[in-house]
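The values are calculated or read from the model by the stated rules, or taken from the named source; none is laboratory data. Computed from a predicted structure; not experimentally measured. Neighbour counts are summed over all protein chains in view; Cβ atoms, including those assigned to glycine, are modelled from backbone coordinates with ideal geometry.
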């Protein structure tokens, strides 16, 4: 089953890190966040990826084209019989990565539509190149097949960015909660889709999270998989720092492959 990862956005809110590289290549613990996402999927046996490239996609291409040399010891024979021998295979041996240019300005639905030709199974996985999660992918896929609909989206409860105060009539603070978990559910990505969702896409200006998902929901074809564990999207420099701190202290919840 293919794993499609949307890697084409410009990451403007993380300009400190994304001015010269795409957001999926911003590093957590010395590795691109994209690498962490791929490791999470591979832990559950999904290691066939389709990367939807856009903004500075050449950097992602170069990363994978040079992956063997940069992640293995190697012996280089110089001269006419130029030859490279790699030693000690890295842990990502066996990954299959399709690098697809989906356009500089293409929106999410359009990027997905452009890679339809690389999806040869009835079911595939989709996520974003900036969100980390400790969801059990196998249980997610089982849930999707069990309900028989076209689309499953992983949902989590968001945490408030601010402390919440409960006030009395005279403005006394009755209760204070620092960044509590809110009641609603949000899209965490980590979707399972039937290839029939391609029929809901309408070209490069299609935003997958708008009309296609709204139509799927209206037709009763979209189901939520509730995840009570960790999810964190890296949108700002502070969030980038937080993820690096979790990794550095050995407390990264998404590190499921250790």
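Go through the residues of the range 77-97 one by one and say whether even a single one is closer than 20 Å to residue 208 by Cα and out of contact with any strand residue (DSSP E or B) (no Cβ under 6 Å at 6 or more places or on another chain).
no
If residue 68 satisfies all but one of (1) more than 20 Å from the chain's Cα centre (by Cα); (2) surrounded by 15 or more Cβ atoms within 10 Å (Cβ to Cβ); (3) part of a loop (DSSP other than H, G, I, E, B), what's the number of the condition it fails?
With respect to (1) more than 20 Å from the chain's Cα centre (by Cα); (2) surrounded by 15 or more Cβ atoms within 10 Å (Cβ to Cβ); (3) part of a loop (DSSP other than H, G, I, E, B), residue 68 is out only on (3).
Return only the number of the condition from (1) touching a strand residue (DSSP E or B) at 6+ places or on another chain (Cβ under 7 Å); (2) surrounded by fewer than 19 Cβ atoms within 10 Å (Cβ to Cβ); (3) without any contact (Cβ under 8 Å) to a residue 40 or more places away in the chain that residue 25 does not satisfy.
(2)
Kindly state which strands (runs of 3 or more DSSP E) lie completely within the range 75-175 and contain at least 2 residues that are modelled with pLDDT under 95.
Numbers: elements: 83-87, 96-101, 123-128, 131-133, 151-156, 164-167.
Result: 83-87, 151-156, 164-167.
I'd like to check something: does the range 39-58 contain any residue that is part of a helix (DSSP H, G or I), modelled with pLDDT under 95, more than 17 Å from the chain's Cα centre (by Cα) and closer than 27 Å to residue 240 by Cα?
Checked against the condition, which is being part of a helix (DSSP H, G or I), modelled with pLDDT under 95, more than 17 Å from the chain's Cα centre (by Cα) and closer than 27 Å to residue 240 by Cα, the range 39-58 yields no hits at all.
Working only within the range 1-34, note down all residues that are touching a helix residue (DSSP H, G or I) at 6+ places or on another chain (Cβ under 8 Å) and assigned to a strand (DSSP E or B). Break it down into steps so the answer makes sense when it comes.
Going through the range 1-34, the residues touching a helix residue (DSSP H, G or I) at 6+ places or on another chain (Cβ under 8 Å) turn out to be 1-12, 14, 16-18, 21-29, 32-34.
If the condition is that a residue be touching a helix residue (DSSP H, G or I) at 6+ places or on another chain (Cβ under 8 Å) and assigned to a strand (DSSP E or B), then 2, 3, 4, 5, 6, 7, 27, 28, 32 are the ones that fit.
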